[in-house]
Amino acid sequence: MAEVRLPDLGETGEVTIVEWFKREGDAVRVGEELLEVETEKTTFVIEAPQAGCLTRILKPQGERARFDDVLAQVD
Amino acid sequence: MTSWPKSTEDGTRAVHLPLGREAYRATHERQLRLHALRVQGAVPDTILSVEHDPVFTIGRRGSRENLLVSLDTLRHEGIAVYEVERGGDITYHGPGQVVLYPIVDLRGHSRDLARYVRNLEQTVIAFLASAGVTAQRRPGLPGVWVGERKIAAVGVHVRRWVTLHGLALNVRVNKEHFAMINPCGMRIEVVSLDDLVARRYSLGEVVAGLLSAMAPLFGWRIVEHSEEELVEGRP
């Protein structure tokens, strides 16, 4: 099991979840693009830390997140 | 595969790829090609400079509602519309505007998105200062401003820690084109360098000035190459 966490983006504060490219129950490959987050004028794509099934999305589209927040679970 | 020297005594080597005037779509495809090569480490940090044909681009947060004219008007004026992956809302690119697209591996620049965007803004501010123009950031309003008028836009997309998109500085833009949009979803006034200084800078001079301002901020020594030289790793 692996948690998908918001990486340390430096001085960047809160981000908004713009879009999930995968849905709960989808199979994902390692490094596959999972979601996009946005801070002021910057969009950032987060990839799957390991292969498996995207079992749970904890921060759906539109929610805010901070460094180290768990965004999803890949099992 | 190429063997780019990673750094020298006087800074990390970065490449400037001058494109002259090019349509938005062609430059965007070029950015994506070079982004893929940068992710693989096959090319160094690379800065594209370009002047676009008239185009409106809509960012991830954007909406066509901020386009204030009909598609017929746009066709008549020869203005294209693209939806793109960068942050932000709608923006205009066109003749008389210098656009820089730095394709930068942020893993070599502290992995700091906010600092990267600030350095892009600082690049414009430092160049304008050398031209005798005082410009600044405004809290909560991205881009670079002279008083309450916007002179440069900034929008960035990051995938695999490598950047796409960048900054656009108005040197002498068509304000009628700008009036067709609600830039960034707000009613704002834009300004060009020509409105502020007596001297008429060529776009080439502006590119050179921006790169000179950029190099120390990013710790780069910038050398100029064509895409062929860059990809084949000849230099």
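The values are calculated or read from the model by the stated rules, or taken from the named source; none is laboratory data. None of these values were measured; they are calculated from a predicted model. All Cβ positions, glycine included, derive from the backbone under ideal geometry; neighbour counts span all protein chains shown.
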Return the residue satisfying two criteria in turn: it lies in the range B:151-196 and is assigned to a helix (DSSP H, G or I) and within 14 Å of another protein chain (Cβ to nearest Cβ), and of such residues it is nearest to B:Val39 (Cα to Cα).
B:Cys184
Against the definition (outside any strand (DSSP E or B), farther than 24 Å from B:Glu189 by Cα, among the aliphatic types (A, V, I, L, M) and touching a Leu at 6+ places or on another chain (Cβ under 9 Å)), how does B:Ala114 come out, yes or no?
yes
Filter the range B:96-131 for residues that are touching a helix residue (DSSP H, G or I) at 6+ places or on another chain (Cβ under 9 Å) and either among the β-branched types (Val, Ile, Thr) or more than 23 Å from B:Leu217 (Cβ to Cβ) (or both) and give the result.
B:Gly96, B:Val98, B:Val99, B:Ile103, B:Val104, B:Thr123, B:Val124, B:Ile125
Only one of B:Ala179, B:Ala152 is surrounded by 15 or more Cβ atoms within 10 Å (Cβ to Cβ) and of a type in the set (A, V, I, L, M), namely B:Ala152
Expected output for the range B:85-99 (first residue under 25 Å from A:Ile46 (Cβ atoms), partner of a type in the set (Asp, Glu), Cβ below 6 Å, 6+ apart or cross-chain) is B:Gly87/A:Glu38
When the residues of the range B:26-62 are filtered to those that are of a type in the set (Lys, Arg) and more than 14 Å from chain A (Cβ to nearest Cβ), which remaining residue is nearest to B:Val15 (Cα to Cα)?
B:Arg38
So, first residue more than 18 Å from A:Asp8 (Cβ to Cβ) and small (Gly, Ala, Ser) in the range B:108-129, second residue modelled with pLDDT of 95 or more and assigned to a loop (DSSP other than H, G, I, E, B), Cβ within less than 9 Å, six or more apart or across chains; the pairs are B:Ala129/B:Ala135
Condition (residue is touching a residue at least 40 places away in the same chain (Cβ under 8 Å) and more than 15 Å from A:Ala2 (Cβ to Cβ)) applied to the range A:35-56: is it met by at least one residue?
no
Would you mind listing the strands (runs of 3 or more DSSP E) fully within the range A:20-64 where at least 2 residues are hydrophobic (A, V, I, L, M, F, W, C) and closer than 17 Å to B:Gly87 by Cα?
A:33-39, A:42-47
For the condition at positive phi and either surrounded by 13 or more Cβ atoms within 10 Å (Cβ to Cβ) or within 14 Å of chain B (Cβ to nearest Cβ) (or both), what is the one hit in A:Gly13, A:Gly52?
A:Gly52
Limited to the range B:26-68, what total is found for residues that are at pLDDT below 95, of a type in the set (D, E, K, R) and either at positive phi or assigned to a helix (DSSP H, G or I) (or both)?
2
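Do the conditions hold for B:Glu65, that is, is it farther than 25 Å from B:Ser212 by Cβ, loosely packed, with under 15 Cβ neighbours inside 10 Å, out of contact with any Asp or Glu (no Cβ under 9 Å at 6 or more places or on another chain) and within 14 Å of chain A (Cβ to nearest Cβ)?
Numbers: farther than 25 Å from B:Ser212 by Cβ: yes; loosely packed, with under 15 Cβ neighbours inside 10 Å: yes; out of contact with any Asp or Glu (no Cβ under 9 Å at 6 or more places or on another chain): yes; within 14 Å of chain A (Cβ to nearest Cβ): no.
When the stated conditions are applied, B:Glu65 does not pass them.
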